[in-house]
4 protein chains.
Amino acid sequence: MIKVGIVGGTGYTGVELLRLLAMHSEVRVQMVTSRGEAGIKVADMFPNLRGFIDLPFTEPEPEQLAKCDVVFFATPNGTAMQSVPDLLKMGVRVIDLAADFRLKETATWEEWYKVKHACPDLLTDAVYGLPEVNRTAIATARLVANPGCYATAVQLGFIPLLEAGVVDPKSLIADVKSGVSGAGRKAEVGTLMGETGESFKAYNVAGHRHLPEIIQGLNPLSPVPVQLTFVPHLLPMIRGIHATLYATLYEDSALHLQNIFEQRYKDEPFVDVLPAGSHPETRSVRGANVCRIAVHRPQGGNVVVVLAVIDNLVKGAAGQAVQNMNIMCGLAESTGLKIVGLLP
Amino acid sequence: MIKVGIVGGTGYTGVELLRLLAMHSEVRVQMVTSRGEAGIKVADMFPNLRGFIDLPFTEPEPEQLAKCDVVFFATPNGTAMQSVPDLLKMGVRVIDLAADFRLKETATWEEWYKVKHACPDLLTDAVYGLPEVNRTAIATARLVANPGCYATAVQLGFIPLLEAGVVDPKSLIADVKSGVSGAGRKAEVGTLMGETGESFKAYNVAGHRHLPEIIQGLNPLSPVPVQLTFVPHLLPMIRGIHATLYATLYEDSALHLQNIFEQRYKDEPFVDVLPAGSHPETRSVRGANVCRIAVHRPQGGNVVVVLAVIDNLVKGAAGQAVQNMNIMCGLAESTGLKIVGLLP
Amino acid sequence: MIKVGIVGGTGYTGVELLRLLAMHSEVRVQMVTSRGEAGIKVADMFPNLRGFIDLPFTEPEPEQLAKCDVVFFATPNGTAMQSVPDLLKMGVRVIDLAADFRLKETATWEEWYKVKHACPDLLTDAVYGLPEVNRTAIATARLVANPGCYATAVQLGFIPLLEAGVVDPKSLIADVKSGVSGAGRKAEVGTLMGETGESFKAYNVAGHRHLPEIIQGLNPLSPVPVQLTFVPHLLPMIRGIHATLYATLYEDSALHLQNIFEQRYKDEPFVDVLPAGSHPETRSVRGANVCRIAVHRPQGGNVVVVLAVIDNLVKGAAGQAVQNMNIMCGLAESTGLKIVGLLP
Amino acid sequence: MIKVGIVGGTGYTGVELLRLLAMHSEVRVQMVTSRGEAGIKVADMFPNLRGFIDLPFTEPEPEQLAKCDVVFFATPNGTAMQSVPDLLKMGVRVIDLAADFRLKETATWEEWYKVKHACPDLLTDAVYGLPEVNRTAIATARLVANPGCYATAVQLGFIPLLEAGVVDPKSLIADVKSGVSGAGRKAEVGTLMGETGESFKAYNVAGHRHLPEIIQGLNPLSPVPVQLTFVPHLLPMIRGIHATLYATLYEDSALHLQNIFEQRYKDEPFVDVLPAGSHPETRSVRGANVCRIAVHRPQGGNVVVVLAVIDNLVKGAAGQAVQNMNIMCGLAESTGLKIVGLLP
């Protein structure tokens, strides 16, 4: 049994990790930390875990965490980087679900996250945890930076097109929509039900932190730097991301779009290319660790439209983290993740 | 492996059965029938099942169904009773998720369901599939009548009080609220999102079909016939039932209410009595086969208030059906049902 | 033109007051105060008001408020009582939408609101602003305590039964459900969309502050003190309250239930008794200053069921406040309130 | 008083027209027709109209409709064209809220609507009822084709850019999202709450009927035929459209984007250009006849992003129809339409 710890277990990615790990046959959750809730039983805060997780929240003490094989950080941005260096030294392997290790360039990271990075050396060391791209490196990584939710959906949608060289890398548009759980479980007016229910809006059009992460992920696939317009929106629902992606096709390149996607992902356990003409629904992946994708070329024009859906808390966060853990620990990649989405 | 068939797989209880059975280690789904959709792949209609269920819908041919060990009927009321007698004769065991075999009295059944019953003899034969009451009889039953969703929540909430004899059986009130999936997946104006979203109402106050079912279940626990006022309401959400139950306490009987509930359900794997003072949320049981219950006595008065939540499609339908199947087939009762609720 | 001021304009009752007053032909909004947002334009925070309200939020300066004819307090509980005595002395008439002046007994108020009352003398002076009961007193009141949202719906539902003497006053049960806007626009985890969407629960079963308010309102109509069990619930929607009320009928008293309600409210402009057998929906009153009521006697038994719906922000708050203002200022009571509910 | 009739009053645009007309000071609703519901009181079906509309539904008899000054058709596509020619002959002026007269080319209309047009001659005669473009022609029109909901939002968003000549007309992308009321009040599985709640998807990516309507509206503003990729999506909410529009800027053309929008709409009563940097929310226009627009140029790149929101049932249907009626009848254009959006 793999001994795991979770640092910061009171948010939505924390409780989702616990849901998945509680049903994982090869894992024992050793500890769940929370400075604010130490002493409280985890299942008192999240009653869905009653009968599955019998631990209290505890203080994040390094010597205790050091007894784990793998530690997940489900903390706000800027927290993991304070403790990860010490844990790595003690031989613990770390998966950070926040953004602390997602960018390779310190300057870019500090520009977007507005604080000084605590351990910039680790930025190059960390492996970006998108298994569909980095599976081999993840297997031996000490530190995995779990991708952002938008970043997961957008990259999985654009990768086949860029790898196949069929679209202009300077023409990328990502119109993405997310359920409110992506904003976390923080006391804020902006994500109250009264503010976000029965309404829809874009936000951060001037710039969202997943933009540099996506560009960093896509640039290696393109002969020239990609140009991406990225517009996130907030959906009046809880779980789910839908990325609607647009790119300009090079002439005659549209012939085999469906085939390009099917070939690229034919061996991927958690990317599901739908039949031509499909419109994936976010509910089809609710609670499940899968990205469903469809590709369209409306009116036979020169614009390709890719539709990609994930559950932001699963393939966009906790599920992908468990997938990474499986890879790191030499387990079958699907262990604990053969979960059917909850529909309706 | 238990070979199972599902008759009527295009509704919400059908797809939910398939979700649970697809993750059940001891079952092989042999066939899923639908007259209207025969030939279509099940996973084309319900993409959450892609990768798990590779069958097409087929016609409900008796000789094919006869090859199954257990057949679930997830059909509209009045359908199962047409085919069940033949299947039973061929040795198949049947679990009906509709209402065809829930009532014992033919006259009562025909009064509430407005048609003549096709096989009234089977009404007495059928076992009412509430394991918390009928576990032993279910184990050997040929035909199990899976309880209604409201009926499950209301009975589980009242049973401890009536068995303990602490409330006046003539004072029962059940104010129940259900998500819209309880109305099924039928083309009707009344359950459109435009009609049911962002709104709330009672319905069928003059009389709902689960009323006689509940009374039939509670009467044996009471020295006098119970009197129950039952008011169902429609919630602007998809899954979940919340029953708020009221009864008048006999004098001095309130002392051990919490204890009464904890004792009654201490060995039940799927009834979870919450700590005193709790308010169960429907989301804590989303997708999970569990009823969470809390008992209150506001202001120390003579009215007891019981709060009971279930997922109407799981403990209120498909999950309870799988629980019954496990019991009928001699499996551990929790097989395939150790599922953590999806929160948020 | 009546000059009005609003103290505390950044909450949901504040913006709703502004919506109604902006469309009111006899009113000029002079000032809207907010300590936290002073200097910000009201319409920048609430863009629905663009083109209608061109004021900035200002500090709540008494000398400025004193220039108003009527001042509404849309502040948290405990705020109005600090300033109201001074305003009254300066001749301003006040309508408090919070709870500061709703209870007559200082001890009861302080027990439920957990602070010392700043001006207990005014508790007896204040007029409880339920026009269907207190219209005459409201007309000449200096200080009106606008009723709570639950309290409005529950009282309007029970009043006809108690006045007619047809129910046992010791048997009252109010099972009430509210949209989340009733919790206000405060940064709190409990009312996040992620916490309240797609879920349903009861809360404060041990005791809710509207309980003493309702009892105070109903007791004068009963020969003995009423006994009320009051269970509030939180709906996964924004606006709307549905009260489901239960009471035990005295023998033979059920004959004229429909008539009792129709007679009681036949001259009321904002109480609408639906035809027998109706199930009022909250959406039918969305944005409208009306309470819709239906009365039922299920299965001809001895329990009467009353269904009452209001928009908690309108007839349950801002609309009722404007209705009170109209009465106080000698305007036609419906001025500015002839608004059709927004359906769907 | 203008005498109006409504043909087809049982859908969402019908009830919304009635809401607006009931509060319109210069209008008397003479009749509301419905073949299916004739004899039923309108307010029994739509209780929000109780106290405002006291008519029953009646059969659509031409001689009765001929007594009206203006007749609105709120019928499914293909219905109005059967009766409009006769009504026009009898001197009635008509506003069709469906699509029968929106396209100028008969062949294009028949290609997209899949039936033969009953009165193709009227296609050229009809005036496209987008007041921001066609105000003068609307004033004298006998027959107004009220624009589609998507088409309203998309055109209002692109018009300033195309008129100013700052974007490449071959680069247009419209990623649009609509609440489910846009699909109407029809008994269909696809728009059940169980199918559309808590989920999000694109639909009709291969081609949506508003595409030719938009292109027809935009082409006159462009030196070359526009090329538009149009992807509609279904939101898990009832009212509201959000159009996110993308176009490639000609070099150096981005300098005055905000100014271009403000100038274009400075005299428009129902188009509201938000301050630079804004993100309009659909709730800010709920129930209100207004389009709120913001323009962005992310990262100073060559892609302009326009965000436009409307209430699909108001500025996208019934409100715009009333606006057209006001223009046709010589009333002030805002009569009956000075309505503050319902927020929250």
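The values are calculated or read from the model by the stated rules, or taken from the named source; none is laboratory data. Every value quoted in this text rests on a predicted model; they were computed, and no experiment measured them. So basically every Cβ, Gly included, is an ideal-geometry build from the backbone, and we count neighbours across all protein chains shown.
Within the stretch A:205-222, how many residues are within 19 Å of D:VAL304 (Cα to Cα) and in a loop (DSSP other than H, G, I, E, B)?
Total satisfying the criteria: 4.
Taking only the stretch D:110-124 into account, find how many residues are surrounded by 14 or more Cβ atoms within 10 Å (Cβ to Cβ) and touching a residue at least 24 places away in the same chain (Cβ under 8 Å).
6
Among (1) of a type outside the set (Lys, Arg); (2) over 18 Å from B:PRO344 (Cβ atoms); (3) within 14 Å of another protein chain (Cβ to nearest Cβ), which single condition is A:THR10 missing?
Here A:THR10 meets the rest and fails (2).
Residue under question is D:ARG292, and the condition is that it be part of a helix (DSSP H, G or I), closer than 19 Å to A:PHE200 by Cβ and not acidic (Asp, Glu); does it hold?
no
For the stretch A:142-183, how many residues meet the condition of being of a type outside the set (D, E, K, R) and farther than 23 Å from A:PRO225 by Cα?
9
Residues D:GLY182, D:GLY194: which one is outside any strand (DSSP E or B), buried (at least 20 other Cβ atoms within 10 Å of the Cβ), of a type in the set (Gly, Ala, Ser) and at the interface with another protein chain (Cβ under 7 Å from one of its Cβ atoms)?
Checking each option against the conditions leaves just D:GLY194.
List every residue pair whose Cβ atoms sit under 6 Å apart, with the two residues 6 or more apart in sequence or on different chains, where the first one lies in the stretch B:315-344 and is under 20 Å from A:GLY287 (Cβ atoms) and within 12 Å of chain A (Cβ to nearest Cβ) and the second, anywhere, is basic (Lys, Arg) and outside any loop (DSSP other than H, G, I, E, B).
Cβ pairs passing all conditions: B:VAL340/A:ARG19; B:LEU343/B:ARG283.
Could you check, for the stretch C:324-333, whether at least one of its residues is in contact with a helix residue (DSSP H, G or I) (Cβ under 6 Å, 6 or more places away or on another chain) and under 19 Å from C:CYS149 (Cα atoms)?
Checked the stretch C:324-333: at least one residue is in contact with a helix residue (DSSP H, G or I) (Cβ under 6 Å, 6 or more places away or on another chain) and under 19 Å from C:CYS149 (Cα atoms).
Within the stretch A:69-81, how many residues are over 30 Å from B:PHE270 (Cβ atoms) and either more than 23 Å from the chain's Cα centre (by Cα) or of a type in the set (A, V, I, L, M) (or both)?
Matching residues across the stretch A:69-81 total 4.
Under the condition of being free of Cβ contacts under 8 Å to residues at least 40 places away in the same chain and aromatic (Phe, Trp, Tyr), which residue from the stretch A:33-82 is nearest to B:LEU343 (Cα to Cα)?
If we take residues in the stretch A:33-82 being free of Cβ contacts under 8 Å to residues at least 40 places away in the same chain and aromatic (Phe, Trp, Tyr), then A:PHE46 is nearest to B:LEU343 (Cα to Cα).
Would you check if there is a residue in the stretch A:289-312 being surrounded by fewer than 24 Cβ atoms within 10 Å (Cβ to Cβ), closer than 27 Å to A:SER25 by Cβ, assigned by TED's automatic domain parsing to the domain that holds A:VAL180 and in contact (Cβ under 8 Å) with a residue 60 or more places away in the chain?
No, the conditions are met nowhere in the stretch A:289-312.
Could you list, in sequence order, all residues of the stretch C:19-37 that are surrounded by fewer than 17 Cβ atoms within 10 Å (Cβ to Cβ) and closer than 18 Å to C:VAL92 by Cα?
C:GLU26, C:ARG28
Select from the stretch C:242-272 the residues that are touching a helix residue (DSSP H, G or I) at 6+ places or on another chain (Cβ under 7 Å) and surrounded by 19 or more Cβ atoms within 10 Å (Cβ to Cβ) and list them in ascending order.
C:HIS242, C:ALA243, C:LEU245, C:ALA247, C:ILE260, C:PHE261, C:ARG264, C:PHE270, C:VAL271
Condition first: facing another protein chain (nearest Cβ under 8 Å) and of a type in the set (A, V, I, L, M). Now tell me which residues in the stretch B:168-179 satisfy that.
Selection gives B:ILE173 alone.
Taking interchain pairs and intrachain pairs at least six residues apart, which have beta carbon atoms under 9 angstrom, with the first residue in the stretch A:217-238 and away from chain D (no Cβ under 14 Å) and the second of a type in the set (Phe, Trp, Tyr)?
Listed by first residue and then by second, the contacts come to A:GLY217/A:TYR128; A:GLY217/A:PHE158; A:LEU218/A:PHE158; A:LEU221/A:PHE158.
Filter the stretch D:313-344 down to residues that are of a type in the set (Gly, Ala, Ser), crowded, with 24+ Cβ neighbours inside 10 Å and either within 24 Å of D:ASN134 (Cβ to Cβ) or at pLDDT below 95 (or both), then give me how many there are.
5
Inside the stretch A:38-68, can you point out the residues that are under 25 Å from A:ARG93 (Cβ atoms), in contact with a Phe, Trp or Tyr (Cβ under 7 Å, 6 or more places away or on another chain) and either surrounded by 15 or more Cβ atoms within 10 Å (Cβ to Cβ) or within 14 Å of chain B (Cβ to nearest Cβ) (or both)?
A:VAL42
Are any residues in the stretch A:190-217 among the aliphatic types (A, V, I, L, M), over 19 Å from C:SER178 (Cα atoms) and over 17 Å from the mean Cα position of the chain (by Cα), and if so, which ones?
A:ALA202, A:VAL205, A:ALA206 - these are the residues of the stretch A:190-217 that are among the aliphatic types (A, V, I, L, M), over 19 Å from C:SER178 (Cα atoms) and over 17 Å from the mean Cα position of the chain (by Cα).
Exactly one of (1) part of a helix (DSSP H, G or I); (2) in contact with a helix residue (DSSP H, G or I) (Cβ under 6 Å, 6 or more places away or on another chain) is unmet by B:VAL226. Its number?
Single failed check for B:VAL226: (1).
Among (1) over 28 Å from C:LEU342 (Cβ atoms); (2) without any contact (Cβ under 8 Å) to a residue 12 or more places away in the chain; (3) within 13 Å of another protein chain (Cβ to nearest Cβ), which single condition is B:ALA187 missing?
(1)
Please work out if A:ILE241 is within 18 Å of the chain's Cα centre (by Cα), β-branched (Val, Ile, Thr) and under 30 Å from C:GLU195 (Cα atoms). Give the steps one after another, and end with the answer.
Details: within 18 Å of the chain's Cα centre (by Cα): yes; β-branched (Val, Ile, Thr): yes; under 30 Å from C:GLU195 (Cα atoms): yes.
Criteria met by A:ILE241.
A:PHE158 fails exactly one of the following numbered conditions: (1) over 20 Å from D:PRO344 (Cα atoms); (2) surrounded by fewer than 24 Cβ atoms within 10 Å (Cβ to Cβ); (3) more than 14 Å from chain D (Cβ to nearest Cβ). What is the number of that condition?
Of everything listed in (1) over 20 Å from D:PRO344 (Cα atoms); (2) surrounded by fewer than 24 Cβ atoms within 10 Å (Cβ to Cβ); (3) more than 14 Å from chain D (Cβ to nearest Cβ), A:PHE158 misses just condition (2).
Do the conditions hold for B:ASN324, that is, is it more than 19 Å from C:VAL231 (Cβ to Cβ) and assigned by TED's automatic domain parsing to the domain that holds B:VAL7? It would help to see each step written out before you state the result.
Working: more than 19 Å from C:VAL231 (Cβ to Cβ): yes; assigned by TED's automatic domain parsing to the domain that holds B:VAL7: yes.
It is true that B:ASN324 is more than 19 Å from C:VAL231 (Cβ to Cβ) and assigned by TED's automatic domain parsing to the domain that holds B:VAL7.
Out of the residues in the stretch C:276-306 that are in contact with a Ser or Thr (Cβ under 6 Å, 6 or more places away or on another chain) and of a type in the set (A, V, I, L, M, F, W, C), which is nearest to the other protein chains (Cβ to nearest Cβ)?
Once the filter is applied, the top-ranked residue is C:VAL303.
Quick one: in the stretch C:17-59, of everything that is within 17 Å of C:ALA80 (Cβ to Cβ) and not small (Gly, Ala, Ser), which residue is modelled with the lowest pLDDT?
Looking at residues that are within 17 Å of C:ALA80 (Cβ to Cβ) and not small (Gly, Ala, Ser), I get C:ARG35.
Could you look through the stretch B:244-267, keep only residues that are aromatic (Phe, Trp, Tyr) and not in a loop (DSSP other than H, G, I, E, B), and pick out the one that is farthest from C:GLY197 (Cα to Cα)?
B:PHE261
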